[in-house]
Amino acid sequence: MPDRHYNEDEVAAIFRAAAEGSDSRTLPGGRADGLTLDDLQDIAREVGISPTAVSRAAQSLDRPRDATVPQTFLGLPIAVERTVALDRNLTDTEWELLIVQLREVFHARGTVRTQGSLREWSNGNLHALLEPTPTGYQLRLGTFKSNARVSTAVGALMLGMSAVVGVTVAAHGTLVDVAPGIAALTAIGASLVANGALRLPRWARLRQRQMDHVAAQLAQIMENESDTPPTLPQGD
């Protein structure tokens, strides 16, 4: 079977996962037919990145992931999720280091729970779940903007009410009398909808970047732990 060839986007994703802060712009450009894993590992050696980390990142890229359908309301994102497939469970040390990353990235202390092989970190609607799968383990990151649906729905309702009232009173020739009230209702409704339309996409992009960062950090944590030689017992 011919070697798998990775395109430019995949190469950038592999190196981001293999080493935090690696700048793909400093790496040699890809060929028209892409780069093989051997090519990527050769490049990694040249720039001081672990070839093993590159191999693991490439395997993670090829490993099938759960398809996640973004949750939206009136076309606006109200939930963000990211699933990271793992080929093994995390050690206690790796889990603790991951918790540190979650607290630093999301600026939240959170609550940690463990039930058998299931592990969870949560802070309000934000959560990180470590779960077994038929092929290994997975880390599910997710968050939900609980107040977004209510405020946006109320705003849309107010806009609808102002339109209905406006048409009704216009038919009776009394629009001038209630125009100030309709204008105020419309302004409030529009501000609520606009607030969601402007803030929700920005919030979703931020959360996605944070989850991507956590995933990259987890790959580095697992690589560092795997490269650490076992501690031999000391004799008296």
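On the beta carbon distance between Asp42 and Ala108, with R0 = 30 Å, the FRET formula returns roughly 0.15.
Legend: residues Phe106, Phe15, Phe144, sorted from most to least accessible area (1.4 Å probe; ligands, DNA and RNA excluded), read Phe144, Phe106, Phe15.
The values are calculated or read from the model by the stated rules, or taken from the named source; none is laboratory data. Since we're looking at a predicted model, the values are computed, not measured. In this analysis, Cβ positions are derived from the backbone assuming ideal geometry, glycine residues included, and neighbour counts consider all displayed protein chains. Calculation scope for accessible area: heavy atoms of the full protein, side chains included, ligands and nucleic acids excluded. Shrake-Rupley method; radii C 1.70, N 1.55, O 1.52, S 1.80 Å.
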